[in-house]
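Right, one structure below, let's go through it.
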Amino acid sequence: MSLTSRHLGREDRETFNSQLSTLNFQRGLHPPHLRHLKVQSWKFKVESFLLLSLLLALPAFALDRQLAPSSRRTPLIISEIMYDPAAALGINGEFVELFNTEPVPQDLGGFHLGGDVGYTFPTGAVIPALGYVVIAASPATIASAYGLTNAAGPFTNQLSNAGGRVFLENRWGARLLDITYDDTPPWPIAADGAGHSLVLARPDLGESDPLAWSPSTSPGGSPNTLDPYENSALRAVFINEFLAHTDPDLDMLELYNASTQSVDIAGCAICDEPDAECFTIPPATVLAPGGFTNYTELDLGYRFSASGDDLFLMAPGGSNVLDAALFEAQERGVSSGRYPDGAPDIGRLAAHTPGASNAPPRQESIVISEIMFHPLSGRDNDEFIELYNRGTNTVNLTGWQFSDGIKFIIPSGTTLAPGARLVIASDRDRLISRYLQLNTANTLGNFSGDLSDRGERLTLSKPDNPAFPLQDFVVIDEVSYGDDEDWGEWIDGGGSSLELTDPHADNRRAANWAGSDETQKALWTTIEYTGKVDNGSGTNNELDVYMLNDGECLVDNIELTKQGETNNRVAPSLFTTTLDGWTPLGNHVRSAREAGVGDGGGAALHVRASSAGRTTTTSYLLGNFDRLWKPIAPVPVTGDVYTVRFRARWLAGWPFVATSMKGFWIEA
């Protein structure tokens with residue numbers, strides 16, 4: 001999870017948000033560009049002023065491109081990746097660019113670039129303040145092609161053109177940055193064979209989010225410099241709709257002007273390969289604001305492949321890619337396009353509307369409705385995906401398959417009735433044993449591969465022609481999920497799955513997903529320990545309760561009794577009307593009494609921890625460490641035997657809660 005303003009202390013957060021609001025106003029930026037600017041909290045007060053001062057001195061377009069950290073772990077970012085360079089350079093044109101977002105140099109000695117390629121920086125290697133370093137497959141080739149003098153390398157192996165991985169580790173082997181890129185949407189496809197690079201245009205989203213990346217403005221990329229901002233009217237023209245499986249109708253492609261001014265598109269080219277023969281848009285072709293123009297295969301001089309193809313809109317002279325679309329196998333007579341017109345996503349449309357505003361997305365009966373991608377157990381074989389039939393007819397799923405994310409072909413004879421659900425499991429037998437509502441009739445498995453804990457694209461496809469069940473799979477539903485709080489709370493290893501809140505909503509949108517509510521599913525548990533008060537440190541004059549990592553639980557009936565006695569040394573701790581003397585501090589400060597949820601139906605202590613709690617023996621730190629505490633009276637004597645006992649029920653997050661005498665004299 002990336003650091004945002006909400007992870008800072010209240011005072012720092014208010015200062016942070018105030019400064020960002022001022023900066024946004026001065027530069028005319030929309031809040032999303034900077035609202036998640038990541039900073040290292042321990043350096044915040046010192047560096048925020050310096051950073052904001054530097055940002056104000058730079059052009060507005062630079063603010064959301066390559067200047068902000070993408071992770072709280074490091075001020076470095078992987079700012080550009082050229083994985084499929086122009087044919088003239090071949091693999092020698094590959095490079096990875098790092099940028100230092102801090103106003104001080106950074107020592108790179110011993111740092112390692114890994115993944116598909118490998119390179120370890122030598123001792124003494126330094127990246128300048130607010131500067132770049134380019135690591136290349138062939139430093140000499142990059143130096144000659146781009147006029148660089150500081151290209152590092154060579155790195156070993158090569159970057160994959162079909163999706164790969166690049167990560168950065170520090171000299172001690174700690175993973176600082178990690179990117180698994182792809183050559184299919186939602187990753188920019190102009191970087192796949194059209195000579196453009198991947199540029200980290202929105203680092204505030206985190207480097208692992210495909211929406212953080214854009215194609216470079218021009219082919220060849222921009223190593224060792226900011227990717228230039230191109231304020232061209234042509235950038236407002238999009239491939240808006242296409243029909244690729246017709247027979248006997250005509251294939252068609254539609255362009256749309258999303259701007260408020262007329263755009264001259266004469267000389268632009270439409271290609272299905274960037275280096276192939278293209279259709280050149282004739283002179284005097286002007287798109288009005290919000291206007292459309294469309295071309296059939298008779299105009300273009302070629303047909304699209306119904307099995308899947310690439311489409312490129314090229315600037316005059318083929319200087320760069322203005323827009324691109326990649327599509328998989330298409331269903332006969334069903335067009336694909338953007339909704340609303342000019343939107344980022346391309347999907348199947350409810351109707352074919354050449355030269356007019358696009359119809360809404362096609363409403364398929366079968367949707368992906370739940371995803372368990374990072375189970376609380378941490379075990380891949382606890383993963384699953386749920387399908388739901390939101391239609392009115394039973395659907396035969398024979399031969400349907402998951403082709404992106406995981407691999408699984410639904411067996412012959414599988415049907416799904418209206419309103420019914422079907423679970424696809426990583427380990428079918430294990431999942432059925434863990435969920436009482438599952439059985440062999442509503443659960444299939446085992447799928448191969450595993451769901452990424454960081455988010456990825458899932459696609460559910462069906463054969464276009466049942467007579468040929470192993471070819472031309474048409475994507476019926478797809479979800480490119482993420483692991484952040486935009487998608488749901490406690491979904492990333494915190495015990496919740498991703499659930500579609502409304503089965504009729506667009507499941508491509510994060511806002512329509514939420515973490516599953518697990519709070520009523522766990523049982524009350526007794527946590528108890530009996531032992532001598534010994535081997536501690538300091539004065540054992542308080543009892544502490546804390547989570548061992550971020551999470552939530554209920555605690556009730558806390559008892560601390562000396563052997564042979566019934567007197568509770570922290571009595572009462574039933575939370576009948578108040579917190580009964582318990583004080584929440586630090587990252588447990590949101591803990592509170594909650595009525596009607598206790599063991600037996602009364603009130604309980606709702607423990608909320610934003611990170612791991614701790615106890616200490618140093619009295620001068622009182623108020624600065626993270627736990628709930630209550631005085632013990634009288635203070636236990638060393639060597640006496642005590643029992644500590646309480647009832648707890650897990651709600652979300654890490655499922656471990658502890659109670660300890662201050663100084664660890666006794667702990668459960």
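The values are calculated or read from the model by the stated rules, or taken from the named source; none is laboratory data. What you see is a predicted model; the values in this text were computed from it and never measured. Counting neighbours? That spans all protein chains shown, and the Cβs are built from the backbone with ideal geometry, glycine included. Calculation scope for accessible area: heavy atoms of the full protein, side chains included, ligands and nucleic acids excluded. Shrake-Rupley method; radii C 1.70, N 1.55, O 1.52, S 1.80 Å.
The label-point distance for Thr280 and Asp107, in a model that sets each label 7 Å from Cα toward Cβ, rounds to 5.8 nm. Each of the peptides 167-174, 98-105 was scored by the mean count of other Cβ atoms within 10 Å over its residues; in descending order, highest first, they stand as 98-105, 167-174.
For the chain, what's the relative contact order in percent, using C-alpha pairs closer than 8 Å and at least 6 residues apart? List each step's numbers first, then the result.
On the way: 1649 pairs, mean separation 51.3, N = 668.
Answer for the chain is 8 percent.
When a 1.4 Å probe is rolled over the protein heavy atoms, the share of accessible surface on region 188-227 that falls to carbon and sulfur comes to 52 percent.
Other residues lying with their Cβ under 14 Å from the Cβ of Leu113 contribute a combined charge of -4, Lys and Arg counting +1, Asp and Glu -1. A 1.4 Å probe run over region 307-382, with the rest of the protein chains in place, finds 36 Å² accessible per residue. For region 392-492, the per residue solvent-accessible surface stands at 49 Å², with DNA, RNA and ligands left out and a 1.4 Å probe.
Helices in the chain, meaning DSSP H runs of at least 4 residues, each add -39500 (n - 2.57). Divided by all residues, the mean residue ellipticity at 222 nm is -2000 deg cm²/dmol.
Would you mind calculating the gained length between Tyr302 and Gln437 on full extension (0.36 nm times residue separation, minus the Cα-Cα distance), in nm to one decimal? It would help to have the intermediate numbers written out before the result.
Numbers: separation 135, 0.36 × 135 = 48.60 nm, distance 5.31 nm.
Fully extending the segment from Tyr302 to Gln437 adds 43.3 nm.
The length gained on full extension between Ala511 and Asn150, counted as 0.36 nm times the residue separation minus their Cα-Cα distance, comes to 125.5 nm.
Solvent exposure of Arg614, expressed as accessible area, is near 110 Å², computed with a probe of 1.4 Å over the protein chains only.
Taking only protein heavy atoms and a 1.4 Å probe, the accessible area of region 299-378 is 49% carbon and sulfur.
Protection proxy ranking of 323-332, 633-642, by the mean of other Cβ atoms within 10 Å over each peptide's residues and highest first, is 323-332, 633-642.
For Glu273 and Ala356, a Förster radius of 22 Å and the Cβ-Cβ distance give a FRET efficiency of 0.15, rounded to the nearest 0.05. Computed on region 293-433, the Cα convex hull volume stands at 169 Å³ per residue. On the beta carbon distance between Thr576 and Gln520, with R0 = 30 Å, the FRET formula returns roughly 0.85. The eigenvalues of the Cα gyration tensor, multiplied by 5 and square-rooted, give region 75-225 an equivalent ellipsoid with semi-axes of 21, 18, 14 Å from largest to smallest. Computed from the alpha carbon atoms alone, the convex hull of region 395-477 holds 109 Å³ per residue. Cβ screening of the chain for cysteine pairs under 4.7 Å finds these without a partner: Cys268, Cys553. In this label model, Lys407 and Thr123 are separated by 4.6 nm, measuring between points 7 Å along each Cα→Cβ vector.
Principal axis extents of the C-alpha atoms in the chain (largest first, rounded to whole Å): 96, 64, 45. For the pair region 478-537 / region 572-594, the C-alpha centres are spaced 23 Å from each other. The angle separating the long axis of helix 10-27 from the principal Cα axis of greatest extent in the chain is about 20 degrees.
Peptide packing for 316-322, 228-234, 212-218, 196-202 was compared via the average number of neighbouring C-beta atoms within 10 Å per residue; ordered from the highest value, the list is 196-202, 212-218, 316-322, 228-234.
Once the C-beta distance of Ala87 and Arg175 is scaled by a Förster radius of 22 Å, the resulting FRET efficiency is 0.05 to the nearest 0.05.
Accessible surface computed residue by residue for region 108-193, with neighbouring protein chains in place and a 1.4 Å probe, gives 40 Å² per residue.
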